[in-house]
Amino acid sequence: MSENGIGKSVKRREDKRFITGKGKYTDDVRMENQAYAAFVRSPHAHAKVTGIDSSEALAQDGVIAVLTGPELVGDGIGNIITGWAITSKDGTPMKVGAWSALATETVRYVGDAVAVVIAETRQGARNAAEMVDVAYDELPAVARGDKALEPGAPTLHDCAPDNMIFDWEIGDEAATDAALANAATVVELDLVNNRLAPNPMEPRSAVAVYDEAEEHYTLYTTSQNPHVARLVLSAFYQVAPEHKLRVIAPDVGGGFGSKIYIYPEEIVCLWASMKTGRSVKWTSDRNEAFMTDAHGRDHVTHARMGFDAEGHITGFKVDTVANLGAYCSLFATATPTYLYATLLSGQYNIPAIYGNVKAAYTNTVPVDAYRGAGRPEATYLVERMMTTAARQMGVDETELRRKNFIQSFPHQTPVIMCYDAGDFAGNLDKAMAAADVAGFPQRRAAAESRGKLRGLGYSSYIEACGIAPSKAVGSLGAGVGLWESAEVRVNPVGTIEILTGSHSHGQGHETTFAQIVAEKFDLPIENISIVHGDTDKVQFGMGTYGSRSGAVGMSAIVKAMDKVEAKVKKIAAHQLEAAEDDIVIEGGQVKVAGTDKALGWHEIGLAAYTAHNLPDGMEPGLKETAFYDPANFTFPAGTYICEVEVDPDTGVTEIVQFTAADDFGTIINPMIVEGQVHGGVAQGIGQALLEQVVYDEDGQLLTGSYMDYCMPRADDVPFYTIEHNKTVCPGNPLGMKGCGEAGAIGTPPAVINAITDAIGTNDLSMPATPLKVWQAIQKTRAPMAAE
Ligand code: MCN
């Protein structure tokens, strides 16, 4: 067996270039005739554009062009699309307002692009952008989703006069109402899931290259899915026919979902490159990123859960308003519906569930999938509810969870998902043992003696990833299939190249993908390379998001490897004059079992490509492709336990211990999986304690820099204890479940449940800043008697 195969903590092969500063990112691309783009952006949340005067900007040295929305539309560039159709409960289609890459008449959020300046230098373009004089007629604005749906709120799009994009439902309302009416206890909860900015380390960037002679475009861009970008740019935005457009996503420094979408800037750079005959580069700065990268979350929810006298859940009713911002971004409509409400069953046996989701337009940047996408919102609701219910009923919260855990699989929930495998009690046991829950009372008492409040918080999360069976998502409104492709090329010298439609932007695919090849063909990992991120090299792919690259992308590789194996065995059997069934692959060789007759991979490769001595009728060459469409989602699940100490005088929370017990099925690389969990938990801690995008009532962005938006820093996160449980996923050949989002999904409720346990009140919202925690503590204290 290969020493770098499945289950080995192989060091990330890509890190040599990343940690030595040799990574090649989009902004590193330099074309000979390169010019720079700078966008003129609306300072208003909502306004009519009544005039654009570019004369001063155009008069500046080095300014090549100033281009505007009407010109873009005049050239036939299509509006930005949303990829998932949602139907409201009354049967009407969702209301999609037109979104032009450069605004034509109306701007709808601060940062909405109105014009673009193309100039010889980056600074020259930026300076000239300041000189473009745009006349606006300001309109009233609304920034909160719930406020946007109130009568009399300003309307963003004529197609949705009440700002309602859709009013969607899932589950059985009558059955749920009946369950709640007959429940022994009903627990109510109002929650806000705070809006987040994704903040990948590398900001978005694009370099567009137009070759006039060939009428061909190349786009280098920070994309998580270059093939989908090419498809959409071609089919919907009419930038160029697909065969005349190459999209390359080179090294990408993180995305967390925010680089799935095809944003206005990439479209405009391509178009501007054609208009000016120059290569056009744009790289976002951090302020622009806060203003224009799709945000995440932003839900307001009211929920009620019913229990019988023994503490079994009988029904769960959820009303959520999702703020989708000014326009419907690519996956925006799927996130609060099929990625959120389908997980409302959590890890629990709930006979009746009903969810109603109203999606609202507001004068804020579009909201879309951000690490976890819908599933953190569902988990936060379900797990805050379970803890709240236990507190209200005066029962042990772990016992309440256990009593309601789903125990046999497959399990069909009332909200579409059919869970295939899991061991929820086992995850909880592992987490409790690792967190030393038994020793908590002593630790709490010790903290008390130091004047600190200590609390323990649980979160038993489940998520659906490995996105997704194409037929199923198609029936639910998706505009694309969500399979993945792979090509396995054995070269004449016996080395192997894997071409994959997945895209790695921090997940270590160059290592883990090679590990499964090393395992299968028992070869040194050095002989294997992974090729991704270029539409000229890889025929097609659906990209990376929804923790799908393991369960779906690697399954496609397995399928293609099976085909290669079959051909290799045929070649070897022919050459070694043996029966095909006697051929085995081991020790880096292809052998006749039980004999010393063997061929090296280089000999097999050479035989395939010289074709001098192949079985009759066999095609030369050794290269196979496969498309893999999953039969189901995968369902990673686990229990997280967070232990905090709160300083009652300052409200400062310290996470003193964090335990994650996850079930990711088969693990390919434990070290990479741990890294993924660490990163996800840090993001979850960020959401729970520190991060929030804030718009004021008029839609001005108040958190437009790191001075106002607080990311978790090293001293905000603890050392983690990571445990693994394993139930093999029956839905894919490797038995894997995705791990890329779990930490961000499971963590926030664990943190908030811990703080509310410490301070003795449930009345606390995210981010639980010291001020909020301190104020919550004050509310628990009896008012001082008047002197
Ligand atoms: N893996 C494994 N064993 C498993 C599951 C996964 O060894 N049982 C490995 C995989 O082979 C892969 C990595 O872990 O190398 C993550 O795999 P997977 O869970 O399939 O997730 P994806 O590769 O599809 O990555 C997407 C996921 C998502 S949706 C977000 S958001 C996210 C995340 O990954 N964004 C990230 N992790 C990120 N990590 C970094 N550094 N940067 C981002 O932008």
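Give the residue that is surrounded by the most Cβ atoms within 10 Å (Cβ to Cβ), with candidates limited to residues of the stretch 487-496 that are touching an Asp or Glu at 6+ places or on another chain (Cβ under 9 Å) and assigned to a strand (DSSP E or B).
V488
Mind listing just one residue for me: the one in the stretch 497-508 that is in a strand (DSSP E or B) and buried (at least 23 other Cβ atoms within 10 Å of the Cβ) and, of those, farthest from the ligand (Cβ to nearest atom)?
This residue is I498.
For residues that are assigned to a strand (DSSP E or B) and more than 21 Å from T222 (Cα to Cα), scanning just the stretch 509-538, find the one that is nearest to the chain's Cα centre (by Cα).
S529
So is V280 in the same structural domain as S42 (by TED's automatic domain parsing) and assigned to a helix (DSSP H, G or I) or not?
Details: in the same structural domain as S42 (by TED's automatic domain parsing): yes; assigned to a helix (DSSP H, G or I): no.
Here the answer is no, as V280 does not meet what is asked.
Given the conditions (1) within 16 Å of the ligand (Cβ to nearest atom); (2) among the hydrophobic types (A, V, I, L, M, F, W, C); (3) more than 30 Å from L428 (Cβ to Cβ), which single one is not true for A608?
(1)
Looking at the stretch 520-553 only, could you name the residues that are more than 30 Å from A334 (Cβ to Cβ) and either buried (at least 22 other Cβ atoms within 10 Å of the Cβ) or within 14 Å of the ligand (Cβ to nearest atom) (or both)?
F521, L523, I525, I528
Given the criterion more than 30 Å from F290 (Cβ to Cβ), more than 13 Å from the ligand (Cβ to nearest atom) and surrounded by 24 or more Cβ atoms within 10 Å (Cβ to Cβ), identify the matching residue among A661, A688.
Among A661, A688, only A661 is more than 30 Å from F290 (Cβ to Cβ), more than 13 Å from the ligand (Cβ to nearest atom) and surrounded by 24 or more Cβ atoms within 10 Å (Cβ to Cβ).
Do any helices (runs of 4 or more DSSP H) lying entirely in the stretch 412-484 carry at least 1 residues that are modelled with pLDDT of 95 or more and over 25 Å from the mean Cα position of the chain (by Cα), and which ones are they? Give the derivation first.
Details: elements: 424-434, 440-449, 470-475.
In the stretch 412-484, 424-434, 440-449 are the helices (runs of 4 or more DSSP H) which contain 1 or more residues that are modelled with pLDDT of 95 or more and over 25 Å from the mean Cα position of the chain (by Cα).
If you check every pair at least six apart or on different chains, which have Cβ atoms under 6 Å apart with a residue in the stretch 654-683 that is not assigned by TED's automatic domain parsing to the domain that holds Y720 first and a residue that is modelled with pLDDT under 95 and more than 8 Å from the ligand (Cβ to nearest atom) second?
none
Looking only at helices (runs of 4 or more DSSP H) that fall completely inside the stretch 97-199, which ones have 3 or more residues that are more than 20 Å from E288 (Cα to Cα)?
Result: 145-148, 173-181.
From the list M671, M707, exactly one residue is within 16 Å of the ligand (Cβ to nearest atom) and surrounded by fewer than 23 Cβ atoms within 10 Å (Cβ to Cβ). Which is it?
Values: M707 fails: within 16 Å of the ligand (Cβ to nearest atom).
Being within 16 Å of the ligand (Cβ to nearest atom) and surrounded by fewer than 23 Cβ atoms within 10 Å (Cβ to Cβ) holds for just one of M671, M707, which is M671.
Hey, among I260, I313, I267, which residue is within 16 Å of the ligand (Cβ to nearest atom), among the β-branched types (V, I, T) and in contact (Cβ under 8 Å) with a residue 40 or more places away in the chain?
Answer to the selection: I260.
Checking E619 against (1) touching a residue at least 60 places away in the same chain (Cβ under 8 Å); (2) out of contact with any Ser or Thr (no Cβ under 6 Å at 6 or more places or on another chain); (3) over 30 Å from A660 (Cβ atoms), only one condition comes out false. Which one?
With (1) touching a residue at least 60 places away in the same chain (Cβ under 8 Å); (2) out of contact with any Ser or Thr (no Cβ under 6 Å at 6 or more places or on another chain); (3) over 30 Å from A660 (Cβ atoms) applied to E619, the lone miss is (1).
Condition first: touching a Phe, Trp or Tyr at 6+ places or on another chain (Cβ under 7 Å), among the aliphatic types (A, V, I, L, M) and crowded, with 20+ Cβ neighbours inside 10 Å. Can you find one or more residues in the stretch 509-519 that meet it? Talk me through it step by step, then tell me what you get.
Here is the first cut: in the stretch 509-519, the ones touching a Phe, Trp or Tyr at 6+ places or on another chain (Cβ under 7 Å) are none.
No: the stretch 509-519 contains no residue that is touching a Phe, Trp or Tyr at 6+ places or on another chain (Cβ under 7 Å), among the aliphatic types (A, V, I, L, M) and crowded, with 20+ Cβ neighbours inside 10 Å.
Yes/no matrix, rows are residues, columns are (1) in contact with a Gly (Cβ under 7 Å, 6 or more places away or on another chain); (2) aromatic (F, W, Y); (3) more than 16 Å from the ligand (Cβ to nearest atom):
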site	(1), (2), (3)
D158	no, no, yes
W168	no, yes, yes
P200	yes, no, no
Y217	no, yes, yes
T222	no, no, no
Q238	yes, no, yes
L245	no, no, yes
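Failed condition for E265, given (1) within 30 Å of T388 (Cα to Cα); (2) touching a Ser or Thr at 6+ places or on another chain (Cβ under 8 Å), with all others met?
(1)
Give the residues of the stretch 68-86 that are in a loop (DSSP other than H, G, I, E, B) and among the aliphatic types (A, V, I, L, M), sorted by residue number.
Kept after step one, since they are in a loop (DSSP other than H, G, I, E, B), are these residues of the stretch 68-86: 75-83, 85-86.
If the condition is that a residue be in a loop (DSSP other than H, G, I, E, B) and among the aliphatic types (A, V, I, L, M), then I77, I80, I81, A85, I86 are the ones that fit.
Run down A768, A782, A744 and say which single residue is hydrophobic (A, V, I, L, M, F, W, C) and either within 16 Å of the ligand (Cβ to nearest atom) or not in a loop (DSSP other than H, G, I, E, B) (or both).
Values: A768 fails: either within 16 Å of the ligand (Cβ to nearest atom) or not in a loop (DSSP other than H, G, I, E, B) (or both); A782 fails: either within 16 Å of the ligand (Cβ to nearest atom) or not in a loop (DSSP other than H, G, I, E, B) (or both).
Being hydrophobic (A, V, I, L, M, F, W, C) and either within 16 Å of the ligand (Cβ to nearest atom) or not in a loop (DSSP other than H, G, I, E, B) (or both) holds for just one of A768, A782, A744, which is A744.
Can you tell me how many residues within the stretch 554-568 are within 12 Å of the ligand (Cβ to nearest atom), of a type in the set (A, V, I, L, M, F, W, C) and farther than 13 Å from F521 by Cβ?
1
Within the stretch 747-765, work out how many residues are of a type in the set (D, E, K, R) and assigned to a helix (DSSP H, G or I).
Looking only at that region, the number is 1.
Go through the residues of the stretch 55-67 one by one and say whether even a single one is assigned to a strand (DSSP E or B), under 31 Å from the mean Cα position of the chain (by Cα) and within 16 Å of E266 (Cβ to Cβ).
no
Can you name the residue in the stretch 485-508 that is free of Cβ contacts under 8 Å to residues at least 60 places away in the same chain and within 22 Å of the chain's Cα centre (by Cα) and is also farthest from I557 (Cα to Cα) among such residues?
The qualifying residue farthest from I557 (Cα to Cα) is S502.
The values are calculated or read from the model by the stated rules, or taken from the named source; none is laboratory data. Since the structure is predicted, the reported quantities are computational estimates derived from the model, not experimental observations. Cβ: placed from backbone, ideal geometry, glycine included. Neighbour counts: every protein chain shown.
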